[in-house]
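> First the structure, then my questions, so here it is.
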Amino acid sequence: MTKYHLSEDARFSVLLAVGLLGIRNEVSISCALCDRIAESISAYLAEVDDRTALLDWVAQLRPLAQLVLSDAPSIGLIRARVARLPAPLIRQIEARALRLADQVPACAIVGSDLLGWAKVAPATDLIPLLRLCVVGVVASELG
């Protein structure tokens, strides 16, 4: 997380505002207030970054999800879309498969190499697994 810092001008403005309120110890109070303002702005910016990343993930997964949920999905197109997924999404899908491995034995096959497995997996294994994992990743990120 990038930490936000208030400029000296902004800190001075806070000091003046606190002084105009007639609060005692205006210097220590304004310093504490400036620190809290900077922390709040940093937290807000981190939330915006996280939300932007999440929306980007969902946007990248949507075409794959639509494809695997279609009536007659193209295995070649599925493999191509999986191969283009960014590393963080690959790790999320692998983690989801690992969590499901006890309940769905096909998920155990993926291990930590979704890209390698997806290149050669039969459509009868790949499509159901991606249906479970891609939809699960999107749901967990939005939930």
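> Can you work out which of the residues in the range 107-143 that are in contact with a Leu (Cβ under 9 Å, 6 or more places away or on another chain) and not hydrophobic (A, V, I, L, M, F, W, C) is modelled with the lowest pLDDT?
Filtering the range 107-143 for residues that are in contact with a Leu (Cβ under 9 Å, 6 or more places away or on another chain) and not hydrophobic (A, V, I, L, M, F, W, C), the one modelled with the lowest pLDDT comes out as 141.
> Turning to a different aspect of this structure: Could you check the range 92-124 and list, in sequence order, the residues that are acidic (Asp, Glu) and surrounded by 16 or more Cβ atoms within 10 Å (Cβ to Cβ)? Full working, then the answer.
First pass over the range 92-124, keeping only residues acidic (Asp, Glu): 94, 102, 113.
Listed by number, the list holds a single entry, 94.
> Related question: Starting from the range 72-94, keep only residues that are in contact (Cβ under 8 Å) with a residue 40 or more places away in the chain, then list their pairs with residues that are of a type in the set (Phe, Trp, Tyr) whose Cβ atoms are within a distance under 7 Å, requiring at least 6 positions of separation or different chains.
The qualifying pairs are 89/57.
> How many residues, within the range 9-30, are surrounded by 14 or more Cβ atoms within 10 Å (Cβ to Cβ) and in contact (Cβ under 8 Å) with a residue 12 or more places away in the chain? Walk me through how you get there before you give the answer.
Of the range 9-30, the ones surrounded by 14 or more Cβ atoms within 10 Å (Cβ to Cβ) are 11, 13-15, 18, 26, 29-30.
The next check asks that each one be in contact (Cβ under 8 Å) with a residue 12 or more places away in the chain; those that pass are 11, 14-15, 18, 30.
So the count comes out to 5.
> Still on this structure: Could you tell me whether residue 64 is in the same structural domain as residue 126 (by TED's automatic domain parsing), under 18 Å from residue 135 (Cα atoms), modelled with pLDDT of 85 or more and part of a helix (DSSP H, G or I)?
Numbers: in the same structural domain as residue 126 (by TED's automatic domain parsing): yes; under 18 Å from residue 135 (Cα atoms): yes; modelled with pLDDT of 85 or more: yes; part of a helix (DSSP H, G or I): yes.
Here the answer is yes, as residue 64 does meet what is asked.
> Can you find, within the range 83-106, the residue that is modelled with the lowest pLDDT among those that are in a loop (DSSP other than H, G, I, E, B) and within 19 Å of the chain's Cα centre (by Cα)? Walk me through it before giving the result.
Filtering the range 83-106 down to residues in a loop (DSSP other than H, G, I, E, B) leaves 84-86, 101-104.
Then drop every residue that is not within 19 Å of the chain's Cα centre (by Cα), which leaves 84-86.
Values: 84: 90, 85: 88, 86: 83.
Result: 86.
The values are calculated or read from the model by the stated rules, or taken from the named source; none is laboratory data. Keep in mind that what you see is a predicted model, and the values were worked out from it rather than measured. Heads up, the Cβs are rebuilt from the backbone with ideal geometry, glycines too, and the neighbour counts pull from every protein chain shown.
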